[in-house]
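Peer 1: The structure's right below; bear with me while I get my questions together.
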Amino acid sequence: EMKDPTGALAAWEWLRSPQGQNCNLAPFCTKDAERTVVSDYNYLVVFNGPAPDKTQVSAMLQKLPNRHDSSLPAILTFLPRQGLVPDSARYVIGPVSLSAFAPELDSTKPGFETGAEAQIADYVLSKAAPHHRLAIFYYPTPEMARLHTIDFKLVPGTHVKRSGVLVAVVLASASDAEADTLLSRVEY
């Protein structure tokens, strides 16, 4: 049980398998050969072994105590869908998950302690091109976003764009043209 759906979603994205496939057992569900990972409301549930059916999952989720429904983070709506590598998105709410999914940004201190959130995902721009990683940071105010943009621009090889309360960062390995293409897909 998590405090809210945001925590459950972050845990679901952390625990899901890179080889996982989406499933329709719950709003957020992925399965691989060994386990099924489900997030619903403020709960994260892992089923080991064969995947349960939808009726079993629904019945079990209905019996969980203290289910809290609230809005999911707004940042999830800003992640571009075009070229998104399936199951690569990760919701980041602190330095530990940032270090796990974008260690290049460890030195930036992006402001998690003051309410910043991030989403990191891989993208393919063409069949011949390698994957590129995009990090989107969501801040409580435009001023906070502006101040943190400066730190992101100091990281070697990054390409940065700020719009309102959003800061988008394409991590190293992208050419200027590839970064511009990916950054142009982020809209606030």
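The values are calculated or read from the model by the stated rules, or taken from the named source; none is laboratory data. Computed from a predicted model, the values in this text were never measured in an experiment. Cβ coordinates were reconstructed from backbone atoms using ideal geometry, including for glycine residues, and neighbour counts include every protein chain displayed. Heads up: the accessible areas ignore ligands, DNA and RNA and are worked out on the full protein's heavy atoms, side chains in. Shrake-Rupley method; radii C 1.70, N 1.55, O 1.52, S 1.80 Å.
Peer 1: Within region 142-155, work out how many residues are of a type outside the set (A, V, I, L, M) and under 20 Å from the mean Cα position of the chain (by Cα). Steps first, please.
Peer 2: First pass over region 142-155, keeping only residues of a type outside the set (A, V, I, L, M): 142-143, 146, 148-149, 151-153.
Restricting the remaining residues to those that are under 20 Å from the mean Cα position of the chain (by Cα) gives 148-149, 152.
Of the residues in that region, 3 qualify.
Peer 1: May I pose another question? Determine the pairs where a residue that is free of Cβ contacts under 8 Å to residues at least 12 places away in the same chain, located within region 77-90, has a partner that is open to solvent by 30 Å² or more (accessible area, probe 1.4 Å) with Cβ atoms under 9 Å apart, the partner being 6 or more residues away or on another chain.
Peer 2: Within 9 Å, the pairs are Arg81/Arg185.
Peer 1: Would you tally the residues in region 168-182 being open to solvent by 10 Å² or more (accessible area, probe 1.4 Å) and among the aliphatic types (A, V, I, L, M)?
Peer 2: The total comes to 3.
Peer 1: Here's a follow-up. Sort out which residues of region 10-28 are outside any strand (DSSP E or B), touching a residue at least 60 places away in the same chain (Cβ under 8 Å) and of a type outside the set (Gly, Ala, Ser), and write them in order of number.
Peer 2: Glu13, Trp14, Arg16, Pro18
Peer 1: Of everything in region 63-115, what is open to solvent by less than 50 Å² (accessible area, probe 1.4 Å), β-branched (Val, Ile, Thr) and in a loop (DSSP other than H, G, I, E, B)? Give them in sequence order.
Peer 2: Of everything in region 63-115, just one residue is open to solvent by less than 50 Å² (accessible area, probe 1.4 Å), β-branched (Val, Ile, Thr) and in a loop (DSSP other than H, G, I, E, B), namely Val85.
Peer 1: Checking Asp151 against (1) of a type in the set (Asp, Glu); (2) in contact with a strand residue (DSSP E or B) (Cβ under 9 Å, 6 or more places away or on another chain); (3) over 24 Å from Pro86 (Cβ atoms); (4) touching a residue at least 24 places away in the same chain (Cβ under 8 Å), which single condition isn't satisfied?
Peer 2: (2)
Peer 1: Do you know which residues across region 1-22 are buried (at least 17 other Cβ atoms within 10 Å of the Cβ) and over 16 Å from the mean Cα position of the chain (by Cα)?
Peer 2: Residue satisfying the conditions is Met2 alone.
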